[in-house]
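Structure record follows, encoded as structure tokens.
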Amino acid sequence: MNTVAEQKPIVDNDPKTAKKALEIRNLQAWYGESYILQDINITVNQGEVVTLLGRNGSGRTTTLRAIMGLTGARKGSIRIGGVESINLPTYKIAHLGVGYCPEERAIFSSLSTEENLLLPPSISKTEKGMSVKEIYDMFPNLAERKASPGTRLSGGEQQMLAVARILRTGAKLLLLDEISEGLAPVIVQALARMIVTLKAKGYTIVMVEQNFRFAAPLADRFYVVEHGKIVETFAASELDSKMPVLSELLGV
Amino acid sequence: MEIFGIPWSLMLSQLLLGLVNGSFYAMMSLGLAVIFGLLNIINFAHGALFMMGAFFAWMGLNYFGINYWFALLIVPVVVGVFGILIERSMLRWLYKLDHLYGLLLTFGITLLLEGVFRSFYGVSGQPYQVPALLSGATDVGALTLPNYRAWVVVASLTVCFATWFVIERTKIGSYLRAGTENPKMVEAFGINVPVMVSLTYGFGVALAAFAGVLAAPIMQVSSLMGSNLIIVVFAVVVIGGMGSIMGSILTGLGLGVIEGFTRVFYPELSATVVFILMGIVLLIRPAGLFGKEK
């Protein structure tokens, strides 16, 4: 029954016809009294890979957390698949089809690797995620170590697990925070291949990346965040011409 | 037959008594541990809710003719729902604050509940008949085993190990374990953590009420029966540590037995031995025997 060839979804970049997976307008967010996000505007079309660049502390991680409703107060508009989510509690936001992989990975130490993988429930009635078998095919290490406690895995394996567990749920919008951070080059390459595979399967991905060389060849578009605001946005094709601006903004 | 000059039968009967007390400690500290794990609340009201369980069983029998067996099923549900109301209306606002506030609030709830029952029923105990099916005793050779006490041990161990199994070995339990570690992340996966928190509190409270119904025929049903128990149970929790489900169960049972044997060898110490052990454990392993250092 393998008649459907692997189709590469064509990313529709025409602003009039493109389906928006994520639309953030004038987002402001606080942690207690601290005013972190001051004016975030991001649009991500279905099937796109978008990378948020910026210095440490510029508000990239907070942007992802704000999308999930994990910050303090939020203002503005965040539409996920067309649905306004700014006033929804975190667990309902997830059910709009979002999978979140935090920077600290948040692998549960009291759960085995397989329990960690199976923990996130299905969040969509219509969308089916990858099966456990597909995931184990993609990350054979996880299959070998499925009975070990989640935090006994190596850093790279934990990172794979943190991403793998949101692929099962039917989430089509993935928020990936610094997944290449602190990992050996060979693992970083494996993760890059994974992003390419996921894109080909039609996932929409928003990445926060410090590792510019990892992000550059993967992303369709880039946003640069500085002091809680979007200060620059450009497409992958403009990357070369934007390098001087980028090196000034990011110090790369 | 004698051991250290103590007759066998006395040893065995104290062992049984220790197991009975230990069963109550285990059920109570298990509920406290589950609640503390997910809610970060030290539920001082646990003793009062235990008392409420016993009183509801007594009231059910005397006012509505609800027999022991039905009470054992219904009362934990009723008290559990009452617990959920407490959680939704009051505890919910305290999660972001220090543990101390939860302790203070639940201490206040304890005073209120005890006050209400004291004003209606005074402090003297009300008797509750052992159900007919379990009255009497069985001769097992070395000692005569009171049937009801044996039932208490069996019933509470069954409940404790069923709880352990659900938490450690099932999917629902994996949500609870994950929620204990990182509730925000569990919520980000799309799990309704606020409801999970309410149900967990309700369950912990229902365990206390179940223990209360079991205790009704053994202890006198009185407004103060909870506070007498809760002090020892908190010492048990400190000794066992908050980290582990099995730890709470084993520590509860173990301390009950130690207390029982102390009563044989040096009765004067039996009321304080748990607190002495608590002091020693705090000096050597501040996180408790099964607790995880944070």
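Read-outs throughout are calculated quantities, based only on the coordinates presented, and are distinct from any laboratory measurement. Everything numeric in this text was worked out from a predicted model, so none of it was measured. Glycine gets a Cβ as well: all are built from the backbone with ideal geometry, and neighbour counts include every protein chain shown.
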Applying the Karplus parametrisation 6.51 cos²θ - 1.76 cosθ + 1.60 with θ = phi - 60° to the phi angles of region A:180-195, what ³J(HN,Hα) value in whole Hz is obtained for each residue in order, glycine and proline being reported as x?
8, 5, x, 10, 5, x, 5, 6, 4, 5, 4, 5, 4, 4, 4, 4
Using Cα pairs under 8 angstrom and six or more residues apart, how large is the relative contact order of chain A, in percent?
26
Averaged over peptide B:177-184, how many Cβ atoms belonging to another chain are found within 10 Å of each residue's Cβ?
5
Inter-part distance where region A:20-80 and region A:85-139 are each reduced to a Cα centre, Å:
20
Rounded, prolate or oblate (a/c below 1.5 giving rounded, otherwise prolate when a/b exceeds b/c) for chain A by Cα gyration tensor
rounded
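Tell me, in nm to one decimal, what length is gained between residue A:35 and residue A:104 on full extension, where the rule is 0.36 nm per residue of separation less the Cα-Cα distance?
Values: separation 69, 0.36 × 69 = 24.84 nm, distance 2.24 nm.
In short, 22.6 nm is gained.
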Hey, can you rank A:211-220, B:21-30, B:249-258 by average C-beta count inside 10 Å, highest first?
B:21-30, B:249-258, A:211-220
Which parts of region A:144-176 would a label at residue B:292 reach, counting a residue when its backbone N lies under 18 Å from a point 7 Å out along Cα-to-Cβ?
A:147-155, A:158-159, A:162
Region B:176-247 and region B:68-146 have their Cα centres apart by a whole-number Å value of 12
State, to one decimal in nm, how far the label point of residue A:152 lies from the label point of residue A:181, with both points 7 Å from Cα in the Cβ direction.
2.7
Name the GluC sites (Glu not before Pro) in region B:229-294 that are in a loop by DSSP and that have at most 16 other C-beta atoms within 10 Å, would you?
B:293
Quick one: if the Förster radius is 25 Å, what FRET efficiency do residue B:276 and residue B:161 give, using the C-beta to C-beta distance and rounding to 0.05?
0.30
Taking each residue in B:190-201, count the Cβ atoms of any other chain within 10 Å of its Cβ, then average. What number comes out?
3
Lys and Arg at +1, Asp and Glu at -1: add these up for the other residues within a Cβ distance under 9 Å of residue A:40 and post the number.
+1
A correct Karplus calculation of ³J(HN,Hα) over region A:158-171, with 6.51 cos²θ - 1.76 cosθ + 1.60, θ = phi - 60°, whole Hz and x for Gly and Pro, returns 4, 5, 4, 4, 4, 7, 4, 5, 8, 7, 7, 8, x, 5
Give the value in nm², to one decimal: projected area of the alpha carbon convex hull of region A:124-251, averaged over all directions.
9.4
Computed from the beta carbon distance with a Förster radius of 35 Å, FRET efficiency for residue B:133 and residue B:103 to the nearest 0.05 stands at 0.30
Peptides B:66-79, B:181-194: what's the order by average Cβ count within 10 Å, highest mean first?
B:181-194, B:66-79
Which order, highest average first, do A:240-247, B:98-105, B:154-161 follow once you tally other Cβ atoms within 10 Å for each residue and take the mean per peptide?
B:154-161, B:98-105, A:240-247
Computed E for residue A:122/residue A:245 - FRET, C-beta separation, R0 45 angstrom, nearest 0.05
0.60
Within 9 Å, Cβ to Cβ, of residue A:76, how many net charges do the neighbouring residues add up to if Lys/Arg are +1 and Asp/Glu are -1?
+2
Could you tell me whether region A:102-148 comes out rounded, prolate or oblate from its Cα gyration tensor? Rule is a ≥ b ≥ c as square roots of the eigenvalues, rounded for a/c under 1.5, then prolate if a/b exceeds b/c, otherwise oblate.
oblate
Value at 222 nm in deg cm²/dmol, rounded to 500, when DSSP H runs of n ≥ 4 in chain B each add -39,500 (n - 2.57)
-23500 deg cm²/dmol
With θ set to phi - 60°, apply the Karplus curve 6.51 cos²θ - 1.76 cosθ + 1.60 along region B:262-270 and write out the HN-Hα couplings as whole Hz, x wherever there is a Gly or Pro.
4, 5, 7, 7, 8, x, 4, 8, 4
Where a ≥ b ≥ c are the square roots of the eigenvalues of the C-alpha gyration tensor, would you call region B:200-294 rounded, which needs a/c under 1.5, or, failing that, prolate if a/b is larger than b/c, or oblate?
oblate
How much net charge surrounds residue A:93 when only the other residues with a Cβ under 13 Å from the Cβ of residue A:93 are counted, with Lys and Arg +1 and Asp and Glu -1?
+3
